[in-house]
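First up is the structure itself, then whatever we jot down about it.
Every read-out reported here was derived from the displayed coordinates using simple, explicitly stated rules and does not represent laboratory data. Because the structure is predicted, anything quoted here is derived from the model rather than measured. So basically every Cβ, Gly included, is an ideal-geometry build from the backbone, and we count neighbours across all protein chains shown.
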Ligand SMILES: Cc1ncc(COP(=O)(O)O)c(C=O)c1O
């Protein structure tokens, strides 16, 4: 079998681009989307066929861009669990957390990088570069090492220490940058040609979104080829948000799911909420970068995402909305869930939980809805306050 890809399509002009060579953005400078021969896929594979395959993201291989001759750059991307937190929703619906922290390098970024690095290697790339809030850099470093590629990572100087060290530990060249992810992206954009890099920035190449799409494919299969009523997703660059929506369209075209779609909720923080502001203002794009950025939730610290139009389109098409919570709410929620429910979310997962609880309380989302929220990374990758006390042997213990 070769791939079922027919072409790459400019997300704005719809202009076709060849899929048998390496691309970045479209000729119009916009993200490229991978298109498949869905009629041929429907004939080639059935839902039942999947049951005979390993429980990982590659089981959806017909809906992914690799060709049969391409070596998969895999680090064991096992299916991630759905954790039931329904009791907290205080209604009759379900509240499930899809825990993406179980993936290689501890975040959902593994899905996108596994596919993007597989394709980069297949097309003969030798040097990668990525601007990152941290997790994408860790995944690029690990998959880059797997593929034997030289990887350059640019990250804001306040990125969590464990992540910066992880990136370097995988052998990537890691640079701390004074500024936010847009400053890092600017460095990658302007130095790419001179350095001979393949730019892995969010949506600047077509394949990370295909890997992230597997979150949607996997979720549909886990729920018995049905979709929830509402999805909460922490939205920075929006790859997963856009990717899941694409996955649902492809699944419906295959006849594997019906027309029911979740309301897609883009969650940000009050200190950096460009998508929320654009949505509330009725805009179809983000006119100005968010300034000043005042949030310490790294994944959503994106002042103006490249895929702004695509994100806002998904929000509107799905009858969803965009919502922001404060950093204080995020941190309090994260710690409360860890203490009271044993579930350690990353800050980005915690903003989804906090937003969802607020929306249920405000009646924006009905109590009987089936809700899935994404915990996009392991809580262990983010700083935790030290709650330990010193103990001297033999001294009395208080509760
Ligand atoms: C933990 C975490 N959650 C969410 C995001 C935002 O992801 P996306 O680019 O798909 O919007 C990031 C991106 O850096 C992240 O690291």
**Message:** For residue 389, only one of the following conditions fails: (1) away from the ligand (no atom under 12 Å from the Cβ); (2) assigned to a loop (DSSP other than H, G, I, E, B); (3) surrounded by 14 or more Cβ atoms within 10 Å (Cβ to Cβ). What is its number?
**Reply:** (3)
**Prompt:** What is the one condition in (1) buried (at least 24 other Cβ atoms within 10 Å of the Cβ); (2) in contact with a strand residue (DSSP E or B) (Cβ under 8 Å, 6 or more places away or on another chain); (3) closer than 21 Å to residue 385 by Cβ that residue 352 does not satisfy?
**Reply:** (3)
**Request:** Assess whether residue 72 counts as being within 24 Å of the chain's Cα centre (by Cα) and part of a loop (DSSP other than H, G, I, E, B).
**Result:** yes
**Item:** Among (1) surrounded by fewer than 23 Cβ atoms within 10 Å (Cβ to Cβ); (2) over 30 Å from residue 20 (Cβ atoms); (3) within 16 Å of the ligand (Cβ to nearest atom), the one test that residue 167 misses
**Value:** (1)
**Asked** So how many residues does the range 358-382 have that are more than 16 Å from the ligand (Cβ to nearest atom), in a helix (DSSP H, G or I) and in contact with a strand residue (DSSP E or B) (Cβ under 9 Å, 6 or more places away or on another chain)?
**Response** 3
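Tell me whether the range 86-101 contains one or more residues that are within 23 Å of residue 167 (Cβ to Cβ) and without any contact (Cβ under 8 Å) to a residue 40 or more places away in the chain. Step through it out loud before you land on a result.
Initially, the range 86-101 is screened for residues within 23 Å of residue 167 (Cβ to Cβ), giving 99-101.
Now drop any that are not without any contact (Cβ under 8 Å) to a residue 40 or more places away in the chain, which leaves none.
Checking the range 86-101: not a single residue is within 23 Å of residue 167 (Cβ to Cβ) and without any contact (Cβ under 8 Å) to a residue 40 or more places away in the chain.
For every residue, the table says whether it meets (1) closer than 23 Å to residue 371 by Cβ; (2) buried (at least 22 other Cβ atoms within 10 Å of the Cβ).
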site	(1), (2)
271	no, no
280	yes, no
305	no, yes
321	yes, no
342	yes, no
**Request:** Collect the residues in the range 115-142 that are more than 19 Å from residue 300 (Cβ to Cβ) and within 15 Å of the ligand (Cβ to nearest atom), keeping them in residue-number order.
**Result:** 115, 116, 140, 141, 142
**Request:** Being closer than 29 Å to residue 344 by Cα, within 14 Å of the ligand (Cβ to nearest atom) and assigned to a loop (DSSP other than H, G, I, E, B) is the filter here, so list the residues in the range 305-333 that pass it.
**Result:** 305
**Fill in**
Subset of the range 18-55, residues more than 24 Å from residue 219 (Cβ to Cβ), crowded, with 17+ Cβ neighbours inside 10 Å and free of Cβ contacts under 8 Å to residues at least 40 places away in the same chain, comes to 26, 30
**Prompt:** Taking the condition within 20 Å of residue 191 (Cβ to Cβ) and surrounded by fewer than 24 Cβ atoms within 10 Å (Cβ to Cβ), does residue 84 pass?
**Reply:** no
**Request:** For the range 184-200, name all the residues that are in contact with a strand residue (DSSP E or B) (Cβ under 9 Å, 6 or more places away or on another chain) and either over 26 Å from residue 379 (Cα atoms) or outside any helix (DSSP H, G or I) (or both).
**Result:** 186, 187, 188, 189, 191, 192, 195, 196, 197, 198, 199, 200
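Every residue in the range 142-172 that is over 14 Å from residue 112 (Cβ atoms) and in a helix (DSSP H, G or I), please.
Keep residues of the range 142-172 that are over 14 Å from residue 112 (Cβ atoms), which gives 145-172.
Result: 145, 146, 147, 161, 162, 163, 164, 165, 166, 167, 168, 169.
For the condition touching a residue at least 40 places away in the same chain (Cβ under 8 Å), more than 15 Å from residue 231 (Cβ to Cβ) and out of contact with any strand residue (DSSP E or B) (no Cβ under 9 Å at 6 or more places or on another chain), what is the one hit in 347, 305? Step through it out loud before you land on a result.
Working: 347 fails: out of contact with any strand residue (DSSP E or B) (no Cβ under 9 Å at 6 or more places or on another chain).
Checking each option against the conditions leaves just 305.
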**Message:** I'm trying to understand the selection: among the residues of the range 334-344, which are in a loop (DSSP other than H, G, I, E, B) and touching a residue at least 24 places away in the same chain (Cβ under 8 Å)?
**Reply:** 343, 344
